Every structure is written in C-alpha cells, then in structure tokens.
Amino acid sequence: MKFPCIVFFAIIFATAVSAEIHTETVEYHHGDIVLEGYLAYDDALSGKRPGVLVIHEWTGINDYTKSRVRQLAELGYIVFAGDIYGKGIRPQTSEDAARQATIYRSDRALMRARAKAGLDWLKNHDLTDPHRTAAIGYCFGGGTVLELARSGAELGGVVSFHGNLDTPDPIDAKQIKAKVLVLHGADDPHVSEEQIAAFFEEMRAAGVDWQMVFYGGAVHSFTNPGSGDDPSRGVAYNTNADRRSWEAMKGFFAELFE
C-alpha cells in the first residue's frame, strides 16, 4: 500500500519542478535610449523554445504585464515584456499615460522601432528559437504589435487584446508576414465601427492571414482585473472574455508553433 503514496508524491514533486519560472528585469537599448524589459521562462525545461514578445498597456510595464509574462512562461515559452517608453517611465495617472501613449501613436515609426528593439533582444536570447516567435499586446500594446506586423517584422504571428486598430498608412499591411489575431470587446466604445471597418478593408486588401473575435458584453481593457467591474465607464474587466480570449490565443499559438 505504500507504493501508490510514493507515486503520488513523485507526481507532486515533478509538477513542482516543472514550474520553476525564472524572472528577471533586463536593461537593453534602442539607440541611446535605455529600456527596461521583463523576462520569464521555465528553468526546468531545456533547449530552445518559441519566444513571445509582450507589449504593455498605456501605463507601461507593471504588475499586470508581469503576470501575463509569467503565465506565458508557464506554457513553455520564453517571454519578454518589451519597454516602449524607456527605463523609469511608468505613468501613474491616466493623464500621464495618455501623454506617453500619444508620443508613440503620433510617431508610428518610433513605435515600430521600439517594439522591434524588444523583438530583436528576445530573438537573440540563447533559449529562443528565432524562427518561432510571436508578439502580443494589450490596449496600447495591441495597437503596437499590429504596427510591428505592418513594419514587415519577421515573426510568426501577432495577437491584439482590446487594442486600437487604426494606422496612418494602411498600405503598409502589404508588408505583413505574420498571421494576425485580434481579440476585441464587441461593446468597446474606444474603437469606432469606422475603425473596425477600415481594419477589415486593410487586411483584405493586403491578403493578410487574419482573424478577429468579438466578445459580447465586453468593453475596453476586458482582460485586466484592475479595470473595475462597471462596463458603463467603457473600461471594465470581463471574466468570460478574459478566459475565452486567452484560450483563443493558446489555440493560435498551437497553430503557429506546431
């Protein structure tokens, strides 16, 4: 009767060992600008693995961003949160966040270059398989990974969670090499129907391999529990949309990295 107990504890031990997530803060550069990203991977795994770049919301890299990075690392990826704003620039108010986001939304070339700096750092890591990479982003970050794709970046796919869809140069979609998945709140007041229609036309005209999923009852920032629970504000957490969008991303990655 002792043998089953031994097996049980061996299973528990093996599970614990398989979830040794290594995390670290990483300084890197875009030209002379110092950036500060966040890296995570399962230290119990060996060898190269697919890499996922994560781009933050308009408040910069914070605890929420880091939690998503660790979640992805638990799935077996090497994951890097790229820093668009720069070391030490972490807006604490909506006003400050809006000012920072506007800098990059007004200069898409700079936005793309900052995202590319993070992707390059990730691809050059010893544990990353540079031929199997993807990028995901939340809100501001969702729009950023779409711009990264429009720049012609070499990566397998991008996923936008409740991100903006607009771009000043829709013709650039012809440069997209990645598959595109957009996960969107059907009641998001921050993305107009005109913007959605323009995105449809942009993807179709460029012949992009793209998907868009709408979540009924979900508004902006539906994946972040810190967004509150009042959809009438236009920003709110939605448990079902959060869970379903995460599963959609996992299925997308399974297709990319099979």
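Laboratory data are not the source of any read-out in this text; all were calculated from the coordinates shown. The structure presented is a predicted model; accordingly, all values stated were derived computationally and were not measured. Methodologically, a virtual Cβ is constructed for each residue, glycine included, from the backbone with ideal geometry; neighbour enumeration extends over all protein chains shown.
Number of Lys-Lys pairs in the chain with C-alpha atoms under 29 Å apart and a separation of 8 or more places or on different chains: 26. Taking amide H as placed 1.01 Å from N in the peptide plane, residue 26 has its amide H under 5 Å from the amide H of 37, 38, 39, each at least 5 places away in sequence or on another chain.
Between amide H atoms placed 1.01 Å from N, distances below 5 Å from residue 128 occur with 49, all of them 5 or more places distant or on a separate chain. In terms of packing, defined here as the mean over residues of other Cβ atoms within 10 angstrom, the peptides 232-242, 84-94, 25-35 line up highest first as 232-242, 84-94, 25-35. Applied to the stretch 203-217, the Karplus parametrisation 6.51 cos²θ - 1.76 cosθ + 1.60 on θ = phi - 60° returns per-residue 3J(HN,Hα) values of 5, 5, 4, 8, x, 6, 7, 9, 9, 9, 10, 9, 10, x, x Hz, with x for Gly and Pro. Summarising the amide proton neighbourhood of residue 21: residues at separation of 5 or more, or on other chains, whose placed amide H is nearer than 5 Å comprise 43.
Run lengths n ≥ 4 of DSSP H only: what is the helix-derived mean residue ellipticity at 222 nm for the chain, with -39500 (n - 2.57) per run over all residues, to the nearest 500?
Result for the chain: -12500 deg cm²/dmol, rounded to the nearest 500.
Averaged over residues, the count of other Cβ atoms within 10 Å places the peptides 112-124, 146-158, 187-199 in the sequence 146-158, 112-124, 187-199, highest first. Taking the alpha carbon gyration tensor of the stretch 22-257, multiplying each eigenvalue by 5 and rooting it gives semi-axes of 24, 20, 19 Å, largest first.
Rounded to the nearest 20 debye, the dipole magnitude of the stretch 22-257 is 420 debye, with +1 charges on Lys and Arg beta carbons, -1 on Asp and Glu beta carbons, and the Cα centre as origin. Charge tally around residue 115: other residues with Cβ under 12 Å, Lys/Arg +1 each, Asp/Glu -1 each, net +2.
Would you kindly work out the equivalent ellipsoid of the stretch 102-208 from its C-alpha gyration tensor and give its semi-axes, the square roots of five times the eigenvalues, largest first in whole Å? Walk me through the intermediate numbers first.
Numbers: eigenvalues 104, 41, 36 Å².
Taking √(5λ) for each Cα gyration eigenvalue gives 23, 14, 13 Å.
Between the alpha-carbon centres of the stretch 170-239 and the stretch 17-62 there is a gap of 25 Å.
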